[in-house]
1. Need at least 2 residues that are closer than 27 Å to Val170 by Cα and either in the same structural domain as Phe245 (by TED's automatic domain parsing) or in contact (Cβ under 8 Å) with a residue 12 or more places away in the chain (or both) per element, so show me which helices (runs of 4 or more DSSP H) inside segment 323-439 make the cut, counting only ones lying wholly within it.
2. Considering only segment 213-230, state which residues are away from the ligand (no atom under 11 Å from the Cβ), farther than 15 Å from Ile97 by Cβ and part of a loop (DSSP other than H, G, I, E, B).
3. Can you tell me how many residues in segment 262-276 are within 11 Å of Val250 (Cβ to Cβ) and either near the ligand (Cβ under 10 Å from one of its atoms) or surrounded by fewer than 24 Cβ atoms within 10 Å (Cβ to Cβ) (or both)?
4. Can you pull out the residues in segment 340-366 that are closer than 18 Å to Glu304 by Cα, surrounded by 24 or more Cβ atoms within 10 Å (Cβ to Cβ) and small (Gly, Ala, Ser)?
5. Can you name the condition, by its number, that Gly181 falls short on among (1) within 16 Å of the ligand (Cβ to nearest atom); (2) surrounded by 20 or more Cβ atoms within 10 Å (Cβ to Cβ); (3) in contact (Cβ under 8 Å) with a residue 40 or more places away in the chain?
6. Hey, which of the helices (runs of 4 or more DSSP H) in segment 99-207, taking only ones fully inside, have at least 2 residues that are closer than 22 Å to Ala78 by Cα and among the small types (Gly, Ala, Ser)?
7. Inside segment 244-255, can you point out the residues that are surrounded by fewer than 20 Cβ atoms within 10 Å (Cβ to Cβ) and more than 7 Å from the ligand (Cβ to nearest atom)?
8. Kindly establish whether Trp280 is more than 30 Å from Asn219 (Cβ to Cβ), surrounded by 16 or more Cβ atoms within 10 Å (Cβ to Cβ) and among the aromatic types (Phe, Trp, Tyr).
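The values are calculated or read from the model by the stated rules, or taken from the named source; none is laboratory data. For clarity, every value in this text was computed on a predicted model and none was experimentally measured. Positions of Cβ are backbone-derived with ideal geometry, glycine not excepted, and every protein chain shown enters the neighbour counts.
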Amino acid sequence: MTDRFFFPRAWPACGALVLGLAGCAAPGAGSPTAPAAAPAAPTLPAPPAPSTAPAPVPAPAVPAAPAAAPDVAAQAQAQAFAQWVAQFRAEARAAGIAEGTLHSAFDGVQLRPDVIARDRSQAEFTRAVWDYLDTAASDARVARGQQRLQEWRSELDAAAARHGVPAEIVAAIWGMESNYGANYGDVPTIDALATLGFDGRRGPWARGQLMAALRILQNGDIPRERMIGSWAGAMGQTQFLPSVFLAHAVDADGDGRRDIWGSMPDVIASTANFLRHEGWQPGQPWGVEVQLPPGFDVARADGELRQSAAQWAAEGVRRVDGAALPDLPDAALLLPAGARGPAFLVGANFRTLLRYNNATSYALGVGLLAQRLAGGPGVQAAWPRELTPLRREEVRALQQALHARGFDSGTPDGVVGRATRAALRAWQRSAGLPPDGYPTVQLLEQLTAPR
Ligand SMILES: [Ca+2]
């Protein structure tokens, strides 16, 4: 899928909107570490947007069938789903899942048309990164998070001591993923994954996750009726995919079950454990807002060129407040809204946050929320709020215009990814513009103007 720069995952606020210039992340993206087969990166699947009411099998199939046909089409679909489930049960049995587990998982399994619809939907609207971050680290979310920090202080401190991940980072992920548990989805995970496995677009990925979910049921960590989460299969308060659960969930309260739905000690320890395993470096900040010196070549702020903070400092990069940079051995510059917006220097821990959800906006949201939870500031520099994010169609037009001018931006798909930004930078440079790779309506007009 697209790369991370503009690919926020859908989350509470992102049902249909997206950040930056892309569409909402594909649902399947995955939780910490979705397998390669997942459509998007290694991140969490889109969490639940306010879920719609469950619709049992005989509901109209998604792209609505012509008026007269719905019953017939729905019956055929229900039958095909039942066959699919029977086949999957056989596979699971052969893979060592016990009959009792299969009964509890599948006897009442439901095909979810709402899951299919959301899986197929493609965002046409875009949401500016500043709007996304306004919500991600809003005053209300900060205030609520500070209450939660107090409430769970000893558990968060224990996880920090054990895994080296600060309490505020774990709390910020909890806030981003489910608004501190207020909304982690109400879709039965077995139903969600069986539907996605049956419907096909990401069948192999969903089948792998479904098998993992069966193992969790079989372990006795959670009964089927409490195994709920997003329409895309992410579970519990910090939205773990089943495979991530198997690898990283922790029983911190000692009751013998790993419960990321109802046990906050387990939620906190599991989340910190995942981040530590994904490379969190104790003692390092995720990053810092910076200011760039006049004349700085913004093409170097592509989020990928890495060097030490000392090297960046030697080039004149300073903290936004003028203070010395923190000690980051392997840091990259980011300009999430182009050369006219704020700049950030981010290190290894920012890349670990991307393992949770492979979207720059998401990782910035976690980092900034955590920073505010710890009493620090929000973003200092002004966002270029006068800019309007391009719609998908406009991004496609921009990609085509870049092609027409001989700048290869990959397949024109309406999503701003690495290739698009690189092509845009090259064109900007050739046109004597700051090569920030940030698409705007003005650049689109320039690119498409008659020559
Ligand atoms: Ca437990």
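1. Here the list reads 348-356, 360-373.
2. Within segment 213-230, Pro223, Ser230 qualify.
3. 8
4. Within segment 340-366, Ala359, Ser361, Ala363 meet the criteria.
5. (2)
6. 99-106, 189-199
7. Leu246, Ala247, listed by residue number.
8. no
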